[in-house]
Amino acid sequence: MFRSLITSPSKVLSDRLQVIQTRLQFSTEQVEDSRALRVLVQVLVSIGIASVSVASVGIVEVSFLNLLAILLSALGGYWSWRSRRRANVAVKFILAFGMLMALGIFLAGIVSGDGDTRIRLAELLIQLQVLHSFDMPRRKDLGYSIVIGLILLGVAATVSQTLTLGPVLILFVAIALPVLILDYHSRLGLVILQGKGALSSLNLKQLAWLLLAVGGLGLVIFAALPRLPGYQVRNFPVSDTISLQGEFTGNQIVNPGYAGDSSDFENAEGAVGDSTVIQGESPEDGPGEMDSSTYYGFNQRMNQNLRGSIEPQVMMRVRSQAPGFLRVLAFDRYTGQGWEISREDTVEVLERSSYSYQTHLPPAAYKARRQNAKARRREVVQTYTIINTLPNLIPALYQANQLYFPTRKIAIDAEGSLRSPLPLSNGLTFTVISKVPYRDRTLLKEASTEYSDDIAEAYLQVPEAIQERVRQRTEELLAQSLNPLTDPYEKALFLAQALKQNYTLREALPFFEADEDLVEAFLFRYEGGYPDHFATVMTMMLRSIGIPARLVTGFAPGQFNAFTGYYVVNNTDAHAIPEVYFPDYGWFLFDPIPGHEVIPPSIRDSQTFSVLRQFWNWVAGWLPSPVAGWLSGVFVAILTVLSQLLKFFSGSVLGLLVGLMSATGLAFLGWLSWQGWRHWRQRMRLQKLPQIERIYQQMLVWLAGQGYPKRSHQTPLEYAIALQRTPQFAQSEQVMVVVQAYMRWRYGNHIEDAGALEEPVKALRNRRSLR
């Protein structure tokens, strides 16, 4: 009787498996009939096409006519559905010609250099997808469309600099999950032809949980992924070449916030955005109001007798391998109420070749660079995208070594500041490679105090009228140190702290009189001033005691966006800061402005877990200070240990072998822990079951461990009969006894003696007759 019950279902199951295997073998060549799968694939491709336009808004120029491809692709998909069982040979030839034309247009655009190459590639893929959509009879053709949509999303990710692509990415994943499920069902031959029936087979609740799991796992991997120094590709992002009119000498800086005549400044043909220079009303000397949008420190003359504030605006987005002060301009001569660049005659114009965007910045561009032989340096790549117009000054981490810029000519002055032939306009993209020196406190404390004549002449200048009084006040502040200060580095560090502690930021100051000195007014009259006044005062105080220093203006690193990888820099991030010279090592920054770190962000030996550190800094900002402080210590200690281990593992062949062995050991321990947790959970679950069911479930667990698992579609009786028909299994009688008792208890409400079942189960486990 039992055999008659099981024979027919087993034959049906066997036949079904054979059909599925045959379909899997030839699935890629079959015509795809699933409407639901085709519709969702079309939606997925449409999201990929739209992502390129969404990511490009405000960053690179892109034609929104590309969105028309969504409609054309949908029409092609409908045509392909209606014609899926026809040969369509003529259509294939027409599509082949169309694809060759699209390839020709793409190559012509690449040769002409017109437009961003990433957008060119995306447009080629969009055109190919539109043509391909008219010929998609088979399942593998739909697979090609899925891949094109994924590639378009990847191209959009390389262009995107904001979080606007985030919702598109989430939507793409949300559609991709049911697409993959329907594709799998189709391969098994389980897809219902009617779209409603196919979609109803999807469990929306399970899809939602799967989407959350994928998204959460992706965020965890993104945050914890080590940022290892890899191969540096030398084809960096840069805007198209901009042709110039007139002669470029590099002597002129145009800051739109200052009043003046800009007629001598030649505009560029083909400049990105609006390159028209609109002059403000801030005077270069004397009292006045500062421009509300442009930082006043980017000019040949920096007037610190201006009052007012600037309205926050995003100026640029920066992708950098390490944070740091984005140096724009340096000043060497103090004027009493500001600064000026005295050596304009030493500006050097550099011209790159016509076939490469790369400009090498020569070491002899300014004298101090030739004297930095002992400094240990690290190469840092930065890519800048301008959002709002800036003066014709190129920001860069100190010291810039290579520049990838859209104009053929650029200039570098005696202080190492980079100048462009045109203002930096909205949409302009360029890349700088800097050789940034490491800040080693021990080495800098031992630096020589013998300065060359050119350094002393340029960076020790102090007006005679204030020199003695400023020197005395400087010595008084340094005398507050508990330990004697003998080297320039410790003096500069202590002086920056002393200014923060002894002087305050003023929200409002009267204008300086014509003969009034800023430094004297700060130290002895107002006992404080504006943020940039702190930088000026510290620079002059260092000079008064024989330490070469200059004033540098630029941008703080800005706000790091861990999701996009860009630093968002505002105009309010611009400020002045003292730069101190150390023979054989170069220039280093010290920040005396209250609220700022004394030592600005600088490079470290390891940036492996930089994104995870940024995530933690964001979380810590929401926690109470004591809790955040304690957790920060633990977090830093963990990251330090992980970084050192990773450095050891990747530093040599022995370290690599040790790392692989450690990873294998950890994986084994993880597997043991997982198995132990599963057994514990299983034991807890079984303890809550009635005794008869517990014995039955324990038997199933043991049999599964022996290689005889019960399938989900099998009833207990079918499972016992299947074991009886298995020649290698010699203990089916004990299994049948337990199964029959369980079925009588479960389905017949028969009271069973659980103790009587212990013997068959015990005999089942003790016998060694499994062959």
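The values are calculated or read from the model by the stated rules, or taken from the named source; none is laboratory data. No experiment lies behind these values; they were computed from the predicted model shown. As a convention, Cβ positions derive from the backbone with ideal geometry for all residues, glycine included, and neighbour counts pool all protein chains shown. Side chains are part of the model used for accessible areas, which takes the heavy atoms of the whole protein and leaves out ligands, DNA and RNA. Shrake-Rupley method; radii C 1.70, N 1.55, O 1.52, S 1.80 Å.
For the residues L660, L717, L686, L700, the requirement of being open to solvent by 50 Å² or more (accessible area, probe 1.4 Å) and hydrophobic (A, V, I, L, M, F, W, C) singles out L660. Per the listing L5, L71, the residue uniquely assigned to a helix (DSSP H, G or I), surrounded by fewer than 20 Cβ atoms within 10 Å (Cβ to Cβ), modelled with pLDDT under 85 and not small (G, A, S) is L5. Yes or no: the range 716-736 includes at least one residue that is closer than 24 Å to Q675 by Cα and out of contact with any Lys or Arg (no Cβ under 6 Å at 6 or more places or on another chain). No, the range 716-736 contains no residue that is closer than 24 Å to Q675 by Cα and out of contact with any Lys or Arg (no Cβ under 6 Å at 6 or more places or on another chain).
Scanning the range 424-440 for residues that are open to solvent by 10 Å² or more (accessible area, probe 1.4 Å) and touching an Asp or Glu at 6+ places or on another chain (Cβ under 9 Å) returns N426, G427, T429, K435, V436, Y438.
Only a single criterion out of (1) touching a Ser or Thr at 6+ places or on another chain (Cβ under 8 Å); (2) open to solvent by less than 30 Å² (accessible area, probe 1.4 Å) is not satisfied by L177, namely (1).
This table checks each residue for (1) surrounded by fewer than 13 Cβ atoms within 10 Å (Cβ to Cβ); (2) at pLDDT 75 or above.
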{"residue": "W209", "(1), (2)": "yes, yes"}
{"residue": "V214", "(1), (2)": "no, yes"}
{"residue": "I221", "(1), (2)": "yes, yes"}
{"residue": "R227", "(1), (2)": "no, no"}
{"residue": "Q232", "(1), (2)": "yes, no"}
{"residue": "N235", "(1), (2)": "yes, no"}
{"residue": "V238", "(1), (2)": "no, yes"}
{"residue": "S243", "(1), (2)": "yes, yes"}
{"residue": "T249", "(1), (2)": "no, yes"}
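List pairs: first residue in the range 143-159 and without any contact (Cβ under 8 Å) to a residue 60 or more places away in the chain, second residue open to solvent by 10 Å² or more (accessible area, probe 1.4 Å) and not in a helix (DSSP H, G or I) anywhere in the structure, Cβ distance under 6 angstrom, at least six positions apart or on different chains. Close Cβ pairs (under 6 Å, with a partner that is open to solvent by 10 Å² or more (accessible area, probe 1.4 Å) and not in a helix (DSSP H, G or I)) do not exist here.
Annotation note: Cβ proximity below 8 Å between a residue of the range 660-678 that is modelled with pLDDT of 80 or more and small (G, A, S) and a residue that is surrounded by 10 or more Cβ atoms within 10 Å (Cβ to Cβ) and assigned to a helix (DSSP H, G or I) (sequence gap 6+ or interchain) occurs for S662/F649. Here E61 meets the list (1) in a helix (DSSP H, G or I); (2) surrounded by fewer than 19 Cβ atoms within 10 Å (Cβ to Cβ); (3) in contact (Cβ under 8 Å) with a residue 40 or more places away in the chain almost entirely, failing just condition (1). Taking the criterion of being over 45 Å from the mean Cα position of the chain (by Cα), not in a loop (DSSP other than H, G, I, E, B) and not charged (D, E, K, R), the residues of the range 446-467 that qualify are A465, I466, Q467.
Being part of a helix (DSSP H, G or I), open to solvent by less than 20 Å² (accessible area, probe 1.4 Å), among the aliphatic types (A, V, I, L, M) and free of Cβ contacts under 8 Å to residues at least 60 places away in the same chain is the requirement here; does A96 meet it? Answer is no for this residue.
Checking each residue in the range 698-754 for being touching a Ser or Thr at 6+ places or on another chain (Cβ under 7 Å), polar (S, T, N, Q) and at pLDDT below 80 picks out only Q731. Residue count for the range 102-127, restricted to those that are free of Cβ contacts under 8 Å to residues at least 60 places away in the same chain and either within 15 Å of L72 (Cβ to Cβ) or open to solvent by less than 30 Å² (accessible area, probe 1.4 Å) (or both): 5.
Take the conditions (1) touching a residue at least 40 places away in the same chain (Cβ under 8 Å); (2) crowded, with 16+ Cβ neighbours inside 10 Å; (3) not β-branched (V, I, T); F522 misses just one of them, which is (1). The condition (being aliphatic (A, V, I, L, M), open to solvent by less than 70 Å² (accessible area, probe 1.4 Å), in contact with a Gly (Cβ under 8 Å, 6 or more places away or on another chain) and more than 25 Å from V238 (Cα to Cα)) is satisfied by just one residue among V91, V130: V130.
For the range 454-470, a residue qualifies if it is open to solvent by less than 30 Å² (accessible area, probe 1.4 Å) and touching a helix residue (DSSP H, G or I) at 6+ places or on another chain (Cβ under 6 Å), and the qualifying residues are V462, I466, V470. Only one entry of A365, A396, A411, A373 meets the criterion of being at pLDDT below 90, small (G, A, S) and open to solvent by less than 20 Å² (accessible area, probe 1.4 Å), and that entry is A365. Scanning the range 705-728 for residues being more than 14 Å from L764 (Cα to Cα), small (G, A, S) and more than 53 Å from the chain's Cα centre (by Cα) gives a total of 1.
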